[in-house]
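J.: Please read through the structure below; I'll follow up with questions.
The values are calculated or read from the model by the stated rules, or taken from the named source; none is laboratory data. In this text, all values refer to a predicted model and were calculated from it rather than measured experimentally. Cβ coordinates were reconstructed from backbone atoms using ideal geometry, including for glycine residues, and neighbour counts include every protein chain displayed.
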Amino acid sequence: MGIDTVRWFLERVAEYALSAVSAWEQFTATIGQIPRVFVNLSNGLAWPYLLSSLAFAWAVYVVAKRAGRLADGFFREFAFPARLYRHQSTLLDVRFAAIDIVLTFLFYVPIMTGLGMLGAKGMSWLLVGHLGWEPPRALSPTAIVMAAGGFAIALMGMHLRHLHIWLSYGRVFNRLFISPAHHQIHHSVDPRHWNKNFGSKLSIWDGLFGTHYQPRQPEVLRVGLLDAASREFETVWSLYTSPVARSVHTLVGLPERRI
């Protein structure tokens with residue numbers, strides 16, 4: 001029964017993975033959803049994310065300004081710095097994002113949607129069918145708290161992790177959530193920071209596996225990759241192919257290292 005269950009699971013994953021490209025109608029429908037990522041403000045979470053992001057950015061701007069850690073004179077320059085948008089790496093990011101969004105909608109979204117549905121069925125079978133747990137109603141206090149908590153974790157942990165201002169959540173909450181200060185350490189070239197703070201939302205996993213680095217105070221950081229040539233990050237093609245080529249080269253060289 002175990003083998004049949006695994007086979008069924010893998011078949012469902014493959015079905016979801018190819019659902020967006022299995023027929024021309026589904027392909028065109030999937031591609032048609034992409035522009036809505038940027039212009040669909042009718043989504044229930046669009047305005048909360050937009051307004052809360054601006055409010056949080058304003059709060060960080062005020063605190064950093066008063067602490068003397070900010071050179072930008074106006075909030076507009078802080079939130080939308082023109083010098084960054086004109087940078088060559090920003091233009092590369094735009095090209096990469098355009099291709100990445102297409103691939104995300106064609107493959108990642110169907111796979112994760114399918115896995116989410118399978119996971120929901122499994123949790124429902126376990127919690128509701130066998131443990132007798134009754135899920136909260138749509139507007140119950142429990143559902144509201146769960147939704148607000150998920151929203152806060154997504155905003156504070158994932159969307160702000162590349163904030164260019166040092167921001168820590170404090171000694172206690174840093175043990176639970178990834179702050180921008182955590183993720184800045186992750187990109188540092190300092191050997192003390194290598195292989196640290198891998199989490200995107202929660203830092204408890206880094207704590208469990210010994211990769212957690214607690215940012216107690218601002219540090220002078222230089223970000224980048226010391227063992228990679230700059231040409232590997234100059235085109236979208238190299239961004240996709242270089243990691244694969246490096247991995248293959250490493251795997252091919254393993255037998256020689258063992259000898």
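J.: Any residue in segment 213-228 that's at pLDDT below 80: show its pairings with residues that are assigned to a loop (DSSP other than H, G, I, E, B) and of a type outside the set (K, R) at Cβ separation under 6 Å, as long as the two are six or more apart or on different chains.
T.: G224/V189; L226/V189
J.: Can you find even one residue in segment 198-205 that is under 25 Å from D100 (Cβ atoms), modelled with pLDDT under 80 and in contact with a Pro (Cβ under 9 Å, 6 or more places away or on another chain)?
T.: no
J.: For segment 130-156, name all the residues that are at pLDDT below 65 and assigned to a helix (DSSP H, G or I).
T.: H130, the sole residue that qualifies.
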